[in-house]
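Have a look at the structure below before the remarks.
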Amino acid sequence: LLLSDYIDSTFEELVDPQTLSNSIRYFLCMLDKIGDDFNIDSDVLQSWKNEIYATRMLAPLIGKPDILFDVNVPGHVGPCLDILRQVFVESFTQTAHKVNKDSPTQKLLFHKDVPRYRKLIGPFFKGIEPVNDQAFWSEIYELSNKQKAELKFNRQLTFQQLYDLFIGKYRSEILEDFEDMEESRDLQFAKKVEEIIDLMEECSTNS
(Lines give C-alpha, C1' and ligand atoms only; values in the text may rest on other atoms or scores of the structure.)
Protein backbone atom coordinates (compact mmCIF):
# COMPACT_ATOMS: atom_id res chain seq x y z
CA LEU A 1 0.00 0.00 0.00
CA LEU A 2 2.83 2.39 0.76
CA LEU A 3 4.36 1.83 -2.68
CA SER A 4 0.97 2.34 -4.32
CA ASP A 5 0.51 5.60 -2.43
CA TYR A 6 3.95 6.76 -3.52
CA ILE A 7 3.20 5.96 -7.18
CA ASP A 8 -0.12 7.79 -6.95
CA SER A 9 1.42 10.89 -5.40
CA THR A 10 4.22 10.92 -7.99
CA PHE A 11 1.81 10.67 -10.92
CA GLU A 12 -0.44 13.34 -9.42
CA GLU A 13 2.56 15.63 -8.96
CA LEU A 14 3.55 15.19 -12.60
CA VAL A 15 0.10 16.29 -13.78
CA ASP A 16 -0.23 19.25 -11.43
CA PRO A 17 -0.05 22.45 -13.52
CA GLN A 18 1.25 24.37 -10.50
CA THR A 19 4.48 22.34 -10.53
CA LEU A 20 5.37 23.09 -14.15
CA SER A 21 8.27 25.36 -14.94
CA ASN A 22 7.73 28.44 -17.09
CA SER A 23 9.65 26.76 -19.91
CA ILE A 24 7.30 23.78 -20.13
CA ARG A 25 4.21 25.96 -19.77
CA TYR A 26 5.52 28.28 -22.47
CA PHE A 27 6.03 25.42 -24.90
CA LEU A 28 2.62 23.83 -24.28
CA CYS A 29 0.92 27.21 -24.65
CA MET A 30 2.85 27.74 -27.87
CA LEU A 31 1.21 24.58 -29.23
CA ASP A 32 -2.19 26.05 -28.36
CA LYS A 33 -1.31 29.20 -30.30
CA ILE A 34 -0.21 27.15 -33.31
CA GLY A 35 -3.46 25.22 -33.10
CA ASP A 36 -5.47 28.44 -33.11
CA ASP A 37 -3.46 30.05 -35.91
CA PHE A 38 -3.76 27.05 -38.24
CA ASN A 39 -7.15 25.70 -37.13
CA ILE A 40 -5.67 22.41 -35.96
CA ASP A 41 -8.24 19.83 -34.91
CA SER A 42 -8.54 19.69 -31.11
CA ASP A 43 -7.88 15.93 -31.00
CA VAL A 44 -4.72 16.37 -33.06
CA LEU A 45 -3.57 19.21 -30.83
CA GLN A 46 -4.21 17.10 -27.74
CA SER A 47 -2.22 14.22 -29.20
CA TRP A 48 0.68 16.63 -29.78
CA LYS A 49 0.64 17.65 -26.13
CA ASN A 50 0.34 14.08 -24.91
CA GLU A 51 3.21 12.96 -27.11
CA ILE A 52 5.53 15.79 -26.10
CA TYR A 53 4.84 15.94 -22.38
CA ALA A 54 4.25 12.29 -21.56
CA THR A 55 6.07 10.24 -24.19
CA ARG A 56 9.03 12.44 -25.11
CA MET A 57 9.70 14.39 -21.94
CA LEU A 58 8.77 12.41 -18.82
CA ALA A 59 8.48 8.77 -19.90
CA PRO A 60 12.23 8.39 -20.59
CA LEU A 61 13.03 9.83 -17.15
CA ILE A 62 10.57 7.51 -15.43
CA GLY A 63 11.97 4.45 -17.18
CA LYS A 64 15.64 5.44 -16.98
CA PRO A 65 16.19 8.18 -14.39
CA ASP A 66 19.95 7.68 -14.64
CA ILE A 67 20.02 9.41 -18.05
CA LEU A 68 19.65 12.70 -16.19
CA PHE A 69 20.18 12.06 -12.49
CA ASP A 70 23.27 10.69 -10.79
CA VAL A 71 21.57 7.54 -9.48
CA ASN A 72 22.29 3.85 -9.70
CA VAL A 73 19.35 1.79 -10.99
CA PRO A 74 19.73 -1.89 -9.94
CA GLY A 75 18.97 -4.48 -12.58
CA HIS A 76 15.85 -5.75 -10.82
CA VAL A 77 14.43 -2.21 -10.54
CA GLY A 78 14.74 -1.37 -14.26
CA PRO A 79 11.81 -3.57 -15.42
CA CYS A 80 9.61 -2.12 -12.66
CA LEU A 81 10.38 1.42 -13.77
CA ASP A 82 9.63 0.44 -17.36
CA ILE A 83 6.17 -0.74 -16.29
CA LEU A 84 5.55 2.62 -14.59
CA ARG A 85 6.75 4.38 -17.74
CA GLN A 86 4.23 2.49 -19.86
CA VAL A 87 1.43 3.16 -17.37
CA PHE A 88 2.20 6.88 -17.40
CA VAL A 89 2.15 7.03 -21.20
CA GLU A 90 -1.07 5.02 -21.39
CA SER A 91 -2.72 7.42 -18.96
CA PHE A 92 -2.40 10.10 -21.65
CA THR A 93 -4.04 8.02 -24.38
CA GLN A 94 -7.75 7.84 -25.10
CA THR A 95 -7.91 4.25 -26.34
CA ALA A 96 -10.13 1.83 -24.45
CA HIS A 97 -8.41 0.19 -21.50
CA LYS A 98 -9.44 -3.45 -21.93
CA VAL A 99 -7.86 -6.24 -19.93
CA ASN A 100 -7.71 -9.98 -20.52
CA LYS A 101 -5.39 -12.84 -19.61
CA ASP A 102 -3.06 -11.98 -22.50
CA SER A 103 -2.73 -8.29 -21.57
CA PRO A 104 0.74 -6.84 -20.85
CA THR A 105 1.95 -6.72 -17.26
CA GLN A 106 1.30 -3.01 -16.78
CA LYS A 107 -2.36 -3.40 -17.79
CA LEU A 108 -2.89 -6.28 -15.40
CA LEU A 109 -1.22 -4.52 -12.48
CA PHE A 110 -2.75 -1.08 -13.03
CA HIS A 111 -6.06 -1.90 -14.73
CA LYS A 112 -7.97 -0.06 -11.98
CA ASP A 113 -5.58 2.87 -11.78
CA VAL A 114 -5.21 3.96 -15.42
CA PRO A 115 -8.84 5.18 -15.77
CA ARG A 116 -8.36 7.18 -12.57
CA TYR A 117 -5.11 8.69 -13.85
CA ARG A 118 -6.77 9.60 -17.15
CA LYS A 119 -9.31 11.75 -15.34
CA LEU A 120 -6.44 13.99 -14.23
CA ILE A 121 -5.14 14.71 -17.73
CA GLY A 122 -7.92 16.97 -19.01
CA PRO A 123 -7.90 19.32 -16.00
CA PHE A 124 -4.10 19.30 -16.09
CA PHE A 125 -3.81 20.80 -19.57
CA LYS A 126 -6.74 23.17 -19.01
CA GLY A 127 -5.15 24.44 -15.79
CA ILE A 128 -1.89 25.52 -17.42
CA GLU A 129 -1.63 29.30 -17.23
CA PRO A 130 -0.10 31.16 -20.20
CA VAL A 131 3.48 32.40 -19.95
CA ASN A 132 4.69 35.51 -21.76
CA ASP A 133 8.05 35.87 -23.48
CA GLN A 134 9.53 37.93 -20.66
CA ALA A 135 8.79 35.30 -18.00
CA PHE A 136 10.12 32.54 -20.23
CA TRP A 137 13.43 34.23 -21.02
CA SER A 138 13.82 35.41 -17.45
CA GLU A 139 13.72 31.81 -16.26
CA ILE A 140 16.14 30.71 -18.98
CA TYR A 141 18.67 33.39 -18.00
CA GLU A 142 18.26 32.56 -14.33
CA LEU A 143 18.95 28.87 -14.95
CA SER A 144 21.91 29.71 -17.16
CA ASN A 145 23.48 31.98 -14.55
CA LYS A 146 22.86 29.41 -11.84
CA GLN A 147 24.60 26.72 -13.87
CA LYS A 148 27.59 28.98 -14.51
CA ALA A 149 27.90 29.67 -10.79
CA GLU A 150 27.53 26.07 -9.66
CA LEU A 151 29.39 24.16 -12.36
CA LYS A 152 33.07 24.70 -11.70
CA PHE A 153 35.49 22.79 -13.89
CA ASN A 154 38.34 21.18 -11.96
CA ARG A 155 40.99 20.19 -14.49
CA GLN A 156 43.08 18.11 -12.11
CA LEU A 157 40.07 16.20 -10.81
CA THR A 158 38.88 15.56 -14.38
CA PHE A 159 42.24 14.11 -15.40
CA GLN A 160 42.26 11.95 -12.29
CA GLN A 161 38.81 10.58 -13.11
CA LEU A 162 39.90 9.82 -16.67
CA TYR A 163 42.87 7.97 -15.29
CA ASP A 164 40.82 5.99 -12.76
CA LEU A 165 38.14 5.01 -15.27
CA PHE A 166 40.15 4.45 -18.42
CA ILE A 167 43.84 5.27 -18.67
CA GLY A 168 45.04 3.28 -15.67
CA LYS A 169 42.96 0.28 -16.68
CA TYR A 170 44.19 0.18 -20.27
CA ARG A 171 47.69 1.55 -19.76
CA SER A 172 49.57 -1.14 -21.68
CA GLU A 173 47.13 -1.10 -24.62
CA ILE A 174 47.37 2.69 -24.93
CA LEU A 175 51.16 2.70 -24.90
CA GLU A 176 51.31 -0.14 -27.43
CA ASP A 177 48.99 1.75 -29.80
CA PHE A 178 51.21 4.82 -29.63
CA GLU A 179 54.25 2.69 -30.39
CA ASP A 180 52.52 1.07 -33.37
CA MET A 181 51.61 4.39 -35.01
CA GLU A 182 54.48 5.85 -36.99
CA GLU A 183 53.49 9.48 -36.41
CA SER A 184 53.26 9.13 -32.64
CA ARG A 185 56.39 6.98 -32.52
CA ASP A 186 58.42 9.72 -34.22
CA LEU A 187 57.13 12.25 -31.68
CA GLN A 188 57.80 9.84 -28.79
CA PHE A 189 54.19 10.06 -27.67
CA ALA A 190 54.39 6.74 -25.84
CA LYS A 191 57.23 7.95 -23.64
CA LYS A 192 55.51 11.26 -22.88
CA VAL A 193 52.21 9.59 -22.08
CA GLU A 194 53.95 7.05 -19.86
CA GLU A 195 55.57 9.88 -17.89
CA ILE A 196 52.16 11.49 -17.42
CA ILE A 197 50.64 8.19 -16.30
CA ASP A 198 53.47 7.64 -13.81
CA LEU A 199 52.88 11.12 -12.42
CA MET A 200 49.15 10.49 -12.09
CA GLU A 201 49.80 7.17 -10.37
CA GLU A 202 52.09 8.93 -7.92
CA CYS A 203 49.46 11.60 -7.22
CA SER A 204 46.81 8.92 -6.80
CA THR A 205 48.98 7.02 -4.33
CA ASN A 206 49.78 10.14 -2.30
CA SER A 207 46.13 11.17 -2.12
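Some points to look at:
- Among the residues making up segment 165-185, those that are in a helix (DSSP H, G or I) and closer than 14 Å to residue 195 by Cα are 167, 171, 172, 174, 175, 178.
- Scan of segment 175-204 for residues that are surrounded by 15 or more Cβ atoms within 10 Å (Cβ to Cβ) and of a type in the set (A, V, I, L, M), ordered by number: 175, 190, 193, 197, 200
- For residue 163, the conditions (1) outside the structural domain of residue 48 (by TED's automatic domain parsing); (2) exposed (fewer than 13 other Cβ atoms within 10 Å of the Cβ); (3) over 24 Å from the mean Cα position of the chain (by Cα); (4) not acidic (Asp, Glu) all hold with the exception of (2).
Residue-wise test of (1) surrounded by 13 or more Cβ atoms within 10 Å (Cβ to Cβ); (2) more than 30 Å from residue 29 (Cα to Cα); (3) at pLDDT below 90.
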| position | (1), (2), (3) |
| --- | --- |
| 118 | yes, no, no |
| 124 | yes, no, no |
| 146 | no, no, yes |
| 170 | no, yes, yes |
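- In the set (1) farther than 30 Å from residue 203 by Cβ; (2) within 25 Å of the chain's Cα centre (by Cα), residue 133 fails one condition alone, (2).
- When residue 128 is tested against (1) in contact with a Leu (Cβ under 8 Å, 6 or more places away or on another chain); (2) exposed (fewer than 15 other Cβ atoms within 10 Å of the Cβ); (3) not aromatic (Phe, Trp, Tyr), only condition (2) is not met.
The values are calculated or read from the model by the stated rules, or taken from the named source; none is laboratory data. Not measured: the values here are computed from a predicted model. Quick reminder, even Gly has a Cβ in these numbers, built from the backbone with ideal geometry, and neighbours come from all protein chains shown.
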